[in-house]
1. Quick check on my filter: what residues within the stretch 250-281 are in contact (Cβ under 8 Å) with a residue 40 or more places away in the chain, farther than 20 Å from Leu343 by Cβ and surrounded by fewer than 24 Cβ atoms within 10 Å (Cβ to Cβ)?
2. Here are some conditions: (1) more than 20 Å from Met113 (Cα to Cα); (2) modelled with pLDDT of 95 or more. Val173 meets all but one. Which one does it not meet?
3. Where in the stretch 1-67 are the strands (runs of 3 or more DSSP E), entirely inside, with at least 1 residues that are in contact with a Cys (Cβ under 6 Å, 6 or more places away or on another chain), modelled with pLDDT of 95 or more and not aliphatic (A, V, I, L, M)?
4. In contact with a His (Cβ under 7 Å, 6 or more places away or on another chain), in a strand (DSSP E or B), modelled with pLDDT of 90 or more and of a type outside the set (A, V, I, L, M): which single residue out of Thr84, Thr135 fits that description?
5. Only residues that are farther than 27 Å from His341 by Cα and more than 18 Å from the chain's Cα centre (by Cα): list them for the stretch 61-83, please.
6. Quick check on the stretch 103-124. Is at least one of its residues more than 19 Å from the chain's Cα centre (by Cα), modelled with pLDDT under 95, over 28 Å from Asp338 (Cβ atoms) and in a loop (DSSP other than H, G, I, E, B)?
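The values are calculated or read from the model by the stated rules, or taken from the named source; none is laboratory data. All values derive from a computational prediction rather than experimental measurement. Because the Cβ atoms are built from the backbone with ideal geometry, glycine has one as well, and the counts that use them run over all protein chains shown.
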Amino acid sequence: MITTTPTWQERQTLDLQGLRVTLSAPIAIGRRRGYFWFPNLWHMPNGDLLATISPVADIHMSSIPYLVTWSRDGGLSWSEPIVTNDGGQTLLHLSNGDAILLPYILRPRREGMGAPYNRIPAGTRNVEYVPSGVTVSGWPGPGKTVVPGLDMESFAFNGQTVLLKDGSYLATVYGALRDLPGDRIFAVKSIDGVHWHIHALIADNTCRVVGEESPNESALLRLNDGRLLCVFRVGSRANYGQCWSSDEGQTWSAPVTMAGVFSVQPSLATSADGVIALGGGRPGLYLWLNADGSGLAWQAIDMQAHHNTCHPSEAIARHTDHNHQQQTSAYTEVIAVDETHFLYLYDRLANGWHPIPEEMDDTNSVWLVRVTVEQ
């Protein structure tokens, strides 16, 4: 029997200002009848790709399970997923080669806030649950945090992590402090990836970025000029906000609104020559590119239209209502894999936020596109 090695199939080339972009045909990395959405993606030091996918409804849970799947061929084929708890949205690469899947929901502890996490030893696909967990200390005021409407104390790790010049690590957490209005985003710092402390306030409800929410989901990136960039959500239909730090995250510029770039959890990546990629959307799915590495001027690529052109039988319908009827969560992930290639990950929801009824012959699925960017 003759077997065919899978390869990327280039489908569309776009000429942007200063950039030529080629998009591959999207490939499905997995599909299920049950919940299968909110995907995340990372490039591991040994060249493997690691993805996590949520198999549960979009509800608050004290411990959130994630499906974990691996690729050894650049994203063309994927392993059968395994299930893990407490960690699936933020990954930290440690200097010794290990990786930590940081927990999403943090809960009250004597030291401040914390939760179990998962460690991946260097060069392996072993996901080891660590119940002793990570801790975050140094909360302002009495250190009490609360989920609005639930009266539950909680904060959440979210977005990318950054290696600081002193060898420590920087990440972001968001949530609400008791007796203070709105969500806020903190930068948190650690020397070992396990013990974290509050480093700085990045944004709160006093910032001038207009949306129906306070700042919450965010992404971090080190620019080629050495500064740190933070992009964050202020609503499910609002433009992102952004701010910069020139002192390793100790202080941040006043947040400003990003023109034409929106809306739920952003994802950031940069190529070796400084091109910045930003994933997001809602409504729709978009990849935005910044050619000069400043994070200021962005050019849009409609990834939902690209998907629908390549896969009309599994098109992602364009709904405009606000009741979670759209056929994608618009939670995307973008990573750089080498000097010219990014990978863009997203989901397709057969029946929106609702379970697939028995009579519907369809699946929820997660898709991957290789993006080639040339100056």
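1. Hits for the stretch 250-281 are Gln250, Thr251, Trp252, Ala254, Val256, Thr257, Met258, Gly260, Ser263.
2. Status for Val173: all satisfied but (1).
3. Those strands (runs of 3 or more DSSP E) span 10-16.
4. Thr135
5. Hits for the stretch 61-83 are Met61, Ser62, Ser63, Ile82, Val83.
6. yes
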